Amino acid sequence: MATVVALIVDEGKWLTLSMGLAMLAVAVLLTGRARRRLPMRCRLGAAMNLFFGVTIGSMAFGHLLAVTTKLFVGTLDGSLLKFYAIGAALAVPAWWLIAHTPALLASDDEHGPMTLRLNAWLGLTLLALGLPNLPLALPAIFNIAYHLQPRRAVRWAIVSLAVVVNVGLFIGSLVFLASGQSFEQFRGID
């Protein structure tokens, strides 16, 4: 039981797991035969939004699970209400963005305002939680820019930047995971 609790509350594993789940979700989304006939703009926009939604949604789930676990084992240090509010402020728009993805495949123009609001909500929430979250918030900015950009070449540049940032985040998460340290130790704070 102690091993399970340790795995749940170890923040070093959640980003890697979340991004892995996001990659799997995007692969499933893009491999459907019916979706291959959709315009590339719709498929890429949906994939970018799904990746971001799954990454942040599963991290928010991990945060809420860790807070609840720490509460039950008596190791929670801080405000329960504050921790749950943070988790909910990220989980709700992220899961909503995931549920919104099929609509983006139908027509990203028709569902654009909702896409913009959800990405803005997530990006601003991440930034409000601290500047170290900027790398996690960048995909929201890319998603918004992609949706608003009418020029194909600029959209491809946005997709390329998004891929570079997400690959960098994933590699960073693997380095952090391999270090075996807490976030504070890894950053030299502890």
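Values in this text are rule-based calculations from the coordinates and carry no lab data. Please read all numbers here as calculations on a predicted model, not as lab measurements. In this analysis, Cβ positions are derived from the backbone assuming ideal geometry, glycine residues included, and neighbour counts consider all displayed protein chains.
Quote the FRET efficiency, to the nearest 0.05, computed for residue 175 versus residue 133 with a Förster distance R0 of 22 Å and r equal to the Cβ-Cβ distance. Mind showing how you got there, number by number?
Numbers: r = 18 Å, r/R0 = 0.81.
With a Förster radius of 22 Å, E is 0.80.
Karplus-derived 3J(HN,Hα) values for region 123-128, using 6.51 cos²θ - 1.76 cosθ + 1.60 with θ = phi - 60°, are x, 5, 5, 4, 5, 5 Hz; glycine and proline are entered as x. For region 8-75, the list of trypsin sites (Lys or Arg not before Pro) that fall in a loop by DSSP and count at most 13 other C-beta atoms within 10 angstrom reads 37. The angle between the Cα long axis of helix 40-73 and the longest principal axis of the Cα atoms of the chain comes to about 10 degrees, rounded to the nearest 10. Modelled this way, with points 7 Å down the Cα-to-C-beta line, the labels at residue 68 and residue 42 are 3.6 nm from one another.
Once you keep just the Cα pairs under 8 angstrom separated by 6 or more residues, what percentage relative contact order results for region 2-186?
Numbers: 196 pairs, mean separation 47.1, N = 185.
Averaging sequence separation for qualifying contacts and normalising by length gives 25 percent for region 2-186.
Rounded to whole numbers, the Karplus 3J(HN,Hα) couplings from phi for region 95-104 are 5, 5, 5, 4, 5, 7, 4, x, 5, 5 Hz, using 6.51 cos²θ - 1.76 cosθ + 1.60 with θ = phi - 60°, and x at Gly and Pro. Stretching residue 5 away from residue 80 to a fully extended chain increases their span by 25.2 nm, per 0.36 nm per residue minus the current alpha-carbon distance.
Each residue of region 141-149 is assigned a 3J(HN,Hα), and the resulting list reads 5, 5, 4, 5, 4, 4, 5, 7, 7 Hz, derived from the Karplus form 6.51 cos²θ - 1.76 cosθ + 1.60 (θ = phi - 60°), x at Gly and Pro.
Placing unit charges on the Cβ atoms of the charged side chains and taking the dipole of the chain about its Cα centre, the candidate lying farthest along the positive direction among 30, 63, 100 is 30. In the chain, helices alone account for a calculated mean residue ellipticity at 222 nm of -27500 deg cm²/dmol, with every DSSP H run of four or more residues adding -39,500 (n - 2.57). Considering only 150, 102, 139, give the residue with the highest GNM mean-square fluctuation for the chain, with springs between Cα atoms whenever their separation is below 10 Å. The residue that fluctuates most here is 150.
Rounded to the nearest 20 debye, the dipole size of the chain about its Cα centre is 860 debye, using +1 on the Cβ of Lys and Arg and -1 on the Cβ of Asp and Glu. Mind pulling the angle between the C-alpha long axis of helix 152-179 and the longest principal axis of the chain? Nearest 10 degrees, somewhere in 0 to 90. Tilt relative to the chain: about 20 degrees. Using Cα-Cα distances under 8 Å and only pairs 6 or more residues apart, what relative contact order does region 66-167 have, in percent? 19 percent. Region 2-186 gives an Rg/Rh value of 0.99, both radii derived from C-alpha positions and Rh following Kirkwood.
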